[in-house]
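The values are calculated or read from the model by the stated rules, or taken from the named source; none is laboratory data. Note that the structure is a prediction, hence the values are computed from the model and not measured. Cβ placement follows ideal geometry from the backbone for every residue including glycine, while neighbour counts extend to all protein chains displayed. Remember, those area values only see protein heavy atoms, side chains included, never the ligands or the DNA or RNA. Shrake-Rupley method; radii C 1.70, N 1.55, O 1.52, S 1.80 Å.
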Amino acid sequence: MLSKTLLPLIVLAASVTAAVPPTKRATCSGGQTTANEACCVWFDVLDDIQENLFSGGDCGDEAHESLRLIFHDAIAFSPALTAAGQFGGGGADGSIMAHTDVEIQNPANNGLDEIIEAQRPFALKHNVSFGDFIQFAGAVGVANCNGGPQVQFFAGRSNDSQAAPPGLVPQPTDSVTDILNRVGDAGFSTVELVWMLVSHTVAAQETVDPSVPGAPFDSTPKDFDAQFFVESMLNGTLTPGSALQSGEALSPYPGEFRLQSDALIGRDNRTACEWQKMIADRANMLQKFEQTVLKLSLLGFDQSTLTNCSDVIPIATGTVADPFLPAGMSMDDIEASCDSTPFPSLSAVPGPVTTIPAI
Ligand code: HEM
């Protein structure tokens, strides 16, 4: 039993722990306000990258690549390797930018050298860590997309890192089981895999088939909509390039590119129902994406040691259309793969089949 003298001390200690520190709102030199003055530097970074990296706030190639880079830096994190006594990677530690010469050798990182080299000077100029910069640029880039998400941003990652071990970033040639196991090792569940793949709604490829650079994964690569989940479920009949490549699946529409991994995950009985659910409820899709990207951005870090600078991230503008079938398609072209719920009923845009332009 606790003594009478000890009990008040414990109660006092508990109330001290529970006390919330007063919010110190700060006004930065540019006049912006933020919850913490340590975040002021990020307004300068924001202005600089919107103008000089994202071509005035565009949801173009640099924004897409910056979102991809979040994943490739963070997911190289393996508690299984650590448990086996090896270095398991530092997660969202910026190692892909600090040790590009090593990590770019990983075939899963093909094509990322361009965005890494484009981003690095901004991180150095503003004296922020590579890990923080990668997360920030990804969050800002995706907020540039029409109807984009509000990805939270925490700052304060150290700039010390080691090169990530090879083989930890999923590839489009991997089986669904391998991908689930890999992200599972990093702490993500089956549904969280689907939630992070919402990213492919603002995406294109350059390296799987280099003959069709910029071939997008859906017909609206600047819109943060659910079209990727619709169009990835259409029956595949063609290739946008001259031949089917390793890691590619047949696509339903001229100009559009389909990764083999996306084709399989959309149709696998472990993931198909969640895939389809992304079409039915856009608010849910946004919220699940935001929550999963936040989790990715914290891999290898303790959130309580970082500063919440989310109020620097711009709020996306623009609207997106409700899910639709591209012109010339019908519900008969959908390969519905969820046994428990019917595929949402969608109408086709009027007109004939056209070609989706590269981005
Ligand atoms: C199953 C896991 C995943 C696989 C196998 C995969 C694979 C790929 C591949 C092969 C590309 C094309 C790269 C190129 O040729 O330029 C790509 C593009 C992209 N990926 Fe993923 N990805 C996965 C998950 C993710 C996640 C979790 C994110 C973000 C959170 C992401 C974001 C992107 C973006 C935004 C692009 C477009 C880049 C651009 O347009 O230049 N991917 N992905």
Using the Kirkwood radius over Cα pairs, work out the Stokes-Einstein diffusion coefficient for the range 131-211 at 25 °C and 0.890 mPa s, in µm²/s as a whole number. 161 µm²/s
Sum of side-chain charges, Asp101 neighbourhood, beta-carbon under 13 Å (Lys, Arg +1; Asp, Glu -1): -2
Given a Förster radius of 30 Å and the C-beta distance between Asn127 and Ala84 as r, what FRET efficiency does 1/(1 + (r/R0)^6) yield to the nearest 0.05? 0.25
If each DSSP helix of 4+ residues adds -39,500 (n - 2.57) and the sum is divided by the residues in the chain, what number results at 222 nm, nearest 500 deg cm²/dmol? -11000 deg cm²/dmol
Between Gly318, Phe343, Leu298, whose Cα lies farthest towards the positive end of the dipole of the range 262-359 when Lys and Arg beta carbons carry +1 and Asp and Glu beta carbons carry -1, centred on the Cα centre? Leu298
Mean separation of Cα contacts under 8 Å, 6 or more apart, over the residue count of the range 36-333: relative contact order %: 25 percent
Which order do the peptides 138-144, 247-253 take when ranked by the mean count of other beta-carbon atoms within 10 Å per residue, highest first? 138-144, 247-253
For Ala321, the net charge from surrounding residues (Cβ-Cβ under 14 Å; K, R +1; D, E -1) works out to -3
Would you mind pulling out the separation of the Cα centroids of the range 319-346 and the range 229-306, in Å? 15 Å
Calculated FRET value between Ala280 and Thr305, using beta carbons and R₀ = 45 Å, to 0.05: 0.75
So what does Met196 come to for accessible area, using a 1.4 Å probe and Å² rounded to 10? 10 Å²
Please find, in a Gaussian network model of the chain (springs between Cα atoms separated by less than 10 Å), the residue of Ala84, Ala98, Ala321 whose mean-square fluctuation is greatest. Ala84
Between the range 163-223 and the range 68-107, the Cα center-to-center distance that results, in Å: 16 Å
Which of the DSSP-defined H helices in the chain satisfy a minimum axial length of 15 Å, computed from C-alpha atoms, and a minimum mean Kyte-Doolittle hydropathy of 1.6? 6-18
What ranking do 25-32, 165-172, 110-117 get when scored by the average of other Cβ atoms within 10 Å per residue, highest first? 165-172, 110-117, 25-32
³J(HN,Hα) across the range 311-324 via Karplus (A = 6.51, B = -1.76, C = 1.60, θ = phi - 60°), whole Hz, x for Gly/Pro? 6, 8, 6, x, 8, 5, 10, x, 10, 10, 6, 5, x, 9
Alpha carbon Rg of the chain, scaled by the compact-globule rule 2.2 N^0.38 Å: 1.06
Heavy-atom accessible area per residue - the chain, 1.4 Å, Å²: 44 Å²
What is the sum of charges around Gln171, taking Lys and Arg as +1, Asp and Glu as -1, for the other residues whose C-beta is under 11 Å from the C-beta of Gln171? -1
